[in-house]
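A quick write-up on the structure given underneath.
The values are calculated or read from the model by the stated rules, or taken from the named source; none is laboratory data. Source: prediction; values computed, not measured. Please note: Cβ atoms are built from the backbone with ideal geometry, for glycine as well, and neighbour counts cover all protein chains shown. Quick note on the areas: whole protein, heavy atoms, side chains included, nothing else; ligands and nucleic acids left out. Shrake-Rupley method; radii C 1.70, N 1.55, O 1.52, S 1.80 Å.
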Amino acid sequence: MIPRRHALRRAAAILAVTLGLLATGGLTATSAPAGPADPGPTPGRRNPFPAETRPVTPNTDPATPGPDVIRDLGAPISSLTIMEGTVGRTPDGRDVVYAVPAGENARLNVVDLHTRQLLQAIPLQGAAGAWAITVASDGSVYVGTYPNAHLYRYTPGSGAVTDLGQPILGESVIYGLTADQNGNVYAGTYPTAHAFKYDAASGQVTDYGSLDPVQQYARSPVYDPAHNALFVGISTPNARLLRIDLATSAVQDITPPGLTAKDFIDLDYAGGRVFANASSRLIVVDAATGEQVKFTDAATGSLVMDYPIAARGVSAAGPGGVYFTTNTLALTHYDLTTNTVSPTPFRLTRGASIGYGWVTENGQQVLYGLAGNYSGGTFRYDPQASTLAQWSSPFQYVPSALMHTIADPSTGKVFVNAFLNGSTVVYDPATAKTTLTARQGQVEGWAWDNTGKLYVGIYPYGRLSLWDPRAPESPTNPRELFSLVDSHHQNRPVSVVPAGDRVYVGTTPAYGEFGGALTVYDVPTGAFTVYRNLVTDQTLASLLPVGNEVWAGSSIEGGQGTEPRATEAHLIKVDPTNGAVLTDVVPVPGAASINELSVGPDGNLWGLADGTVFVANPDTGEVLRQIPVFSGRTGANDGSLSWRDGYLYGVAGGRLFVVDSLGGDETVLRDHGLNRLTQTPDGTYYTLLRPDGWTNPTNLASYTPPTDPCPQSDLRATVWTGNIDSRVANRHVSYGCTLTDVLPDAEAEWPSHGEYVRAVDQKVRELEANGVITYYEGFAIRYSAARSEVGQ
């Protein structure tokens, strides 16, 4: 073996002879072939981003906003989403319907039932929507909102709204408002399942405490005037029915024996009975005894314990009893005298009933109500005349909270989906216009196949659909492929990845459940296999097929309404033919969620665990690098990564960032307000924007990276001169250009080997002079060029 000092002397001698021959003309010297555009000297290690695209320090003075790297394109979707409504009467004798369309700083809408005109739309500052609304005995309207869990009071006489604050500190949703005969109101909360009373006279709040140590939803209180009691339904994963004695605050569990429901969506009181929507089955409980009541199904004549219901509870009592809609949207009534349930001759065409009220017309009671969440559907049912009228009330459409976005890789158009409402639009960057397209439902994950179709994962059904955006909407477009919510208790398909003849789907478990799943869908046969709990009690948040296996990143989240049992996210390799876990590692200890996985230009596995980018061996999962971008935890649907010529762009934790895959340098370009990331063919990125001061992302935004002067960069880890590895670390010396890129092009047609070596020497001298490389690196590059076969 040659000693190291002798090897270096030999190398220096070879290089000296080569360069000496060049200097004396011993090798032919002509003009060097043109290589890539020279970006010029780049002294030292500097931020590669041009000044106009560099991150900015957060501006604390809104009066003097600073520059922003993203372009706000405005709200692409305006829609109507109503959770519940109610009917009332104003002091001047107008019969009206009240509802709160979901939207930023949501507004209480007041619509005249007879003239069908919008009378008022009053802002509820800080609210994004309302799951609870009721009219008190004095005509006041109370609204319980999310995500601020405030109680608001609207006084019809003055038209004013009063924000009564957050009755239970720390809660995010108020559910199930109900009123007593003295004008007081009661409600439940999420996420710690409190029930409370608001005293209208004194403004005092009575907190009946958290009613369950595990379950998070007190979703459906109702007041019993005969016994001064409050019934409260507790939800997910096991429905419980509680009775609170309001005189003593004593709580009694009166859950019917054998009840298998997961939730109580709504409770209502009429005729001494409590009517409950228990996981879409109507059950009836005697308010005095707490015992479940059997009733007669008029269609069969048999006694039953439950009956299908698809409605926000039942109406107040009126002619014929109480009314509701079934899962077929049949308007149905329960006769309080005979304890018999039977359908009317009518169906509601705009959706399930979500609010009711009796109005007296010509001495007769007529039932008015709202139907469906998305069209303002309104109905009038006259039980005496047996007539039904239906129409859409003019509720105010508002900018929708946005859920997801994906770019069409062939057209460059951008698809945007709305939260809750499920509307989907297509944004055309060429015209800056949006077009409404097929409603998908709330999209948790979607991806293109190789035929121009989209596989779409939809909440709350755990559903995978196939959609051809270029074909007309029809009963089979989109086409449902499977649904997991009932069969496998999965409801959010957060990762959807088509690969070959398979589609891989990663899901979160349903409400109150633990243990997500990997579902493997076989495209030719339509068969699917579900592998649950591959990481115990965790969601599978990200998927990446590599070869014959699938890498999966987990999130410690269980279903909504649960607290995590696990403490850190895992990276696993799975055999999709049998669900066997072949490898299980923790790439970033303590991280809550691995939100995205990708194969990098180096062939390694790149992932995003909370705010840390990690690089792992694609065969073994061994972690090779960790690149912290920001601190703090994220959730299963919060993280996107996208490659652009050696740079890894990402959005997570509200931030837009970029990582240099060679040097490992990270740059946060924007530090707040963003979600999702998708790239169009021209290189523009699109993301969802939460405007400053707002609660939800409602706007589409774009980010244009700097121009890449060296497209299709050489991203090998070290600098190669033709067939020789110099062992010098390759890195970006300016945005888009690596050290290899700025050296003379070894793939060009050189007239001689000497010309190539001389051109390398000239460029290396320039790079050394500007501090881009060291003398020793320059020596190694010259030496490898001299040893190469370029030009020979």
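Cβ-Cβ distances below 8 Å connect the following pairs, each with a first residue in the range 286-312 that is under 20 Å from residue 256 (Cα atoms) and of a type in the set (Lys, Arg), a second residue that is at pLDDT 95 or above and open to solvent by less than 50 Å² (accessible area, probe 1.4 Å), and a separation of six or more residues or different chains: 294/304; 294/339.
Under the condition of being open to solvent by less than 20 Å² (accessible area, probe 1.4 Å) and within 23 Å of residue 533 (Cβ to Cβ), the residues counted in the range 576-604 number 10.
Do we find that residue 694 is modelled with pLDDT under 95 and open to solvent by 30 Å² or more (accessible area, probe 1.4 Å) in this structure?
In short, yes.
Set side by side, the residues 293, 341, 314, 304 differ, and just one is out of contact with any helix residue (DSSP H, G or I) (no Cβ under 8 Å at 6 or more places or on another chain), of a type outside the set (Gly, Ala, Ser) and within 18 Å of residue 178 (Cβ to Cβ), which is 314. What about residue 226, is it of a type in the set (A, V, I, L, M, F, W, C), open to solvent by 50 Å² or more (accessible area, probe 1.4 Å), out of contact with any strand residue (DSSP E or B) (no Cβ under 8 Å at 6 or more places or on another chain) and without any contact (Cβ under 8 Å) to a residue 40 or more places away in the chain? Spelling it out, it is not the case that residue 226 is of a type in the set (A, V, I, L, M, F, W, C), open to solvent by 50 Å² or more (accessible area, probe 1.4 Å), out of contact with any strand residue (DSSP E or B) (no Cβ under 8 Å at 6 or more places or on another chain) and without any contact (Cβ under 8 Å) to a residue 40 or more places away in the chain.
The residues of the range 697-748 that are open to solvent by less than 10 Å² (accessible area, probe 1.4 Å) and of a type in the set (Phe, Trp, Tyr) amount to a single one, 703. Every condition in (1) modelled with pLDDT of 95 or more; (2) closer than 30 Å to residue 422 by Cα is met by residue 305 except one, and the failing one is (2).
All conditions but one from (1) more than 19 Å from residue 97 (Cβ to Cβ); (2) in a loop (DSSP other than H, G, I, E, B); (3) open to solvent by 10 Å² or more (accessible area, probe 1.4 Å); (4) touching a strand residue (DSSP E or B) at 6+ places or on another chain (Cβ under 9 Å) apply to residue 149; the one that does not is (3). Listed conditions (1) open to solvent by 40 Å² or more (accessible area, probe 1.4 Å); (2) over 30 Å from residue 78 (Cα atoms) are all met by residue 293, apart from (1). One residue stands out in the range 492-508 among those that are within 15 Å of the chain's Cα centre (by Cα) and closer than 17 Å to residue 535 by Cα: the one that is most open to solvent (accessible area, probe 1.4 Å), namely 492. Set side by side, the residues 232, 173, 141, 205 differ, and just one is in contact (Cβ under 8 Å) with a residue 12 or more places away in the chain and within 25 Å of residue 95 (Cβ to Cβ), which is 141. Across the range 637-664, the number of residues qualifying as of a type in the set (A, V, I, L, M) and open to solvent by 10 Å² or more (accessible area, probe 1.4 Å) comes to 2. Selection of first residues in the range 110-126 that are closer than 15 Å to residue 141 by Cβ and of second residues that are modelled with pLDDT under 95 and assigned to a strand (DSSP E or B), restricted to Cβ pairs under 9 Å at least 6 apart or on distinct chains, gives the following pairs, ordered by first then second residue: 122/160. When 281, 312 are screened for being open to solvent by 60 Å² or more (accessible area, probe 1.4 Å) and touching an Asp or Glu at 6+ places or on another chain (Cβ under 6 Å), only 281 passes.
Conditions tested, residue by residue: (1) within 19 Å of residue 700 (Cα to Cα); (2) within 24 Å of the chain's Cα centre (by Cα); (3) in a strand (DSSP E or B).
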{"site": "589", "(1), (2), (3)": "no, no, no"}
{"site": "613", "(1), (2), (3)": "no, yes, yes"}
{"site": "631", "(1), (2), (3)": "no, yes, no"}
{"site": "656", "(1), (2), (3)": "yes, yes, yes"}
{"site": "664", "(1), (2), (3)": "no, no, no"}
